[in-house]
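**Student:** Before we start, here is the structure in question, set down as structure tokens.
The values are calculated or read from the model by the stated rules, or taken from the named source; none is laboratory data. In this text the structure is predicted, and so the values were computed from the model without any measurement. Here the Cβ positions follow ideal geometry from the backbone for every residue, glycine too, while neighbour counts run over all protein chains shown. We work out accessible area using only protein heavy atoms, side chains counted, and drop any ligands, DNA or RNA first. Shrake-Rupley method; radii C 1.70, N 1.55, O 1.52, S 1.80 Å.
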Amino acid sequence: MSGERKFILGVLGSGRGSNFVAVAEACRAGAVPAEVGLVLSDVAEAGILEQARRRGIQAQFIPPGKFRTRLDEEAEQAYLAALRAARVDLIVLAGFMRVLKPPFLDAFAGRIINIHPSLLPSFPGLEAWKQALAHGVKVTGCTVHWVDAGVDSGPIIGQQAVPVLDEDTPETLHQRIQEAEHALYPRCVGAIARGEIRLQGRRVFGGPPGVIRGA
Ligand code: GAR
């Protein structure tokens, strides 16, 4: 034991938790020099909580309060208290379907990242894979970015491209994007945990190179 303190991740999610699993497994395998200290969800029955508990990781449902798309003040404080108690270094949003507001963002300034299922700045917001199909793009993908006060608008850490096929349905396209997410998110978290990332204006240096799937 080196006695050196580990880089601790706090993961927030509302759904299945497949991105959490990808990051947690990469930590466990030693590919990412970090550990997931805590998983929080705004959905009591979210799969991500079950996935965390199965791995012996502390997991907690915290009710989001009275709003539909964000946390109310009381909830914000409860989330922050849990993240601080777990001594979280980086908040990893993994399908967390609420927008975080300035009081929360300020408390973890520059220490919150998100994964989004499109090549931002195309198709921010909900169900980005459906937006991509409806628009008719031939290439889409996923993006890991720092979280700022906008919607999916923060500086981009890493992106991975995914082809859109003629026979794609929303489900098949989302599935292909998720496979890319599971490769991209651990790479980006690893680069941050190793201290390789540098931000200059909107440009992020030191992240994984932009990747074409299969290339
Ligand atoms: C992921 O595809 C992620 O990109 C998306 O939710 C899914 C969560 O899946 N996030 C957003 O759309 C945020 N705007 P998971 O629970 O299996 O990781």
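**Student:** In region 130-215, which GluC sites (Glu not before Pro) are in a loop and have at most 14 other Cβ atoms within 10 Å, using DSSP for the loop call?
**Tutor:** Details: sites: E167, E171, E179, E181, E196; in loops: E167, E196.
Those satisfying the criteria are E167, E196.
**Student:** Sticking with this structure for a sec: Could you check which residue among Q51, Q175, Q159 shows the biggest mean-square fluctuation in a GNM of the chain with a 10 Å Cα cutoff?
**Tutor:** Q175
**Student:** Further question on the same structure: Which net charge results when you count Lys and Arg as +1 and Asp and Glu as -1 among the other residues whose beta-carbon is under 10 Å from that of P63? Please report the intermediate quantities before stating the final value.
**Tutor:** Values: positive: K66; negative: D42, D72, E74.
Net local charge, P63 excluded: -2.
**Student:** Dipole size in debye (nearest 20) for region 1-80 around its Cα centre, Lys and Arg Cβ +1, Asp and Glu Cβ -1?
**Tutor:** Numbers: 10 positive and 10 negative charges, 54 e Å.
Result for region 1-80 is approximately 260 debye, rounded to the nearest 20.
**Student:** Under 24 Å Cα-Cα from K101, which lysines qualify once same-chain neighbours fewer than 8 residues away are excluded?
**Tutor:** Straight-line reach from K101, under 24 Å: K66.
**Student:** Within region 58-87, list the trypsin sites (Lys or Arg not before Pro) lying in a DSSP loop whose Cβ has at most 11 other Cβ atoms in a 10 Å radius. Working shown, then result.
**Tutor:** On the way: sites: K66, R68, R70, R84, R87; in loops: K66, R68, R87.
Within region 58-87, the qualifying trypsin sites (Lys or Arg not before Pro) (loop, at most 11 other Cβ atoms within 10 Å) are K66, R68.
**Student:** Can you give me the % of accessible surface on the chain that is carbon or sulfur? Probe 1.4 Å, all protein chains present, nothing else counted.
**Tutor:** The C+S portion of the solvent-accessible surface of the chain is 53 percent.
**Student:** Counting only other residues whose beta carbon sits under 13 Å from that of I8, what net charge do I get with K and R as +1, D and E as -1?
**Tutor:** +2
**Student:** I would also like to ask the following. If I build a Gaussian network model for the chain, linking alpha-carbon pairs within less than 10 angstrom, which residue out of V164, V39, V11 has the largest mean-square fluctuation?
**Tutor:** Maximum fluctuation in the GNM of the chain, among the listed residues, is at V164.
**Student:** Report the trypsin sites (Lys or Arg not before Pro) located in region 91-189 that are in a DSSP loop and have at most 14 other Cβ atoms inside 10 Å of their Cβ, or state none. Intermediate results must be reported in sequence, preceding the final value.
**Tutor:** Numbers: sites: R98, R111, K130, K138, R176, R187; in loops: R98, R111, K138.
Here the trypsin sites (Lys or Arg not before Pro) that fit, given the DSSP loop and packing criteria, are K138.
**Student:** Counting each DSSP H run of 4 or more residues in the chain as -39500 (n - 2.57), what helix-only mean residue ellipticity at 222 nm follows after dividing by all residues, to the nearest 500 deg cm²/dmol?
**Tutor:** -10000 deg cm²/dmol
**Student:** Roughly how many debye, to the nearest 20, is the charge dipole of the chain about its Cα centre, given +1 on each Lys and Arg Cβ, -1 on each Asp and Glu Cβ, and no other charges? Let's see the in-between values first.
**Tutor:** Details: 24 positive and 22 negative charges, 105 e Å.
Around 500 debye, computed over the chain.
**Student:** Separate question: Could you identify which residue out of S18, S41, S153 has the top mean-square fluctuation in a GNM of the chain using Cα springs shorter than 10 Å?
**Tutor:** Comparing S18, S41, S153 in a Gaussian network model of the chain, the most mobile one is S153.
**Student:** Let me ask something else about it. With the cut-off at 1.5 for a/c, could you classify region 101-189 from its C-alpha gyration tensor as rounded, prolate or oblate?
**Tutor:** Numbers: a/c = 2.77, a/b = 1.86, b/c = 1.49.
It comes out prolate by the Cα gyration axes.
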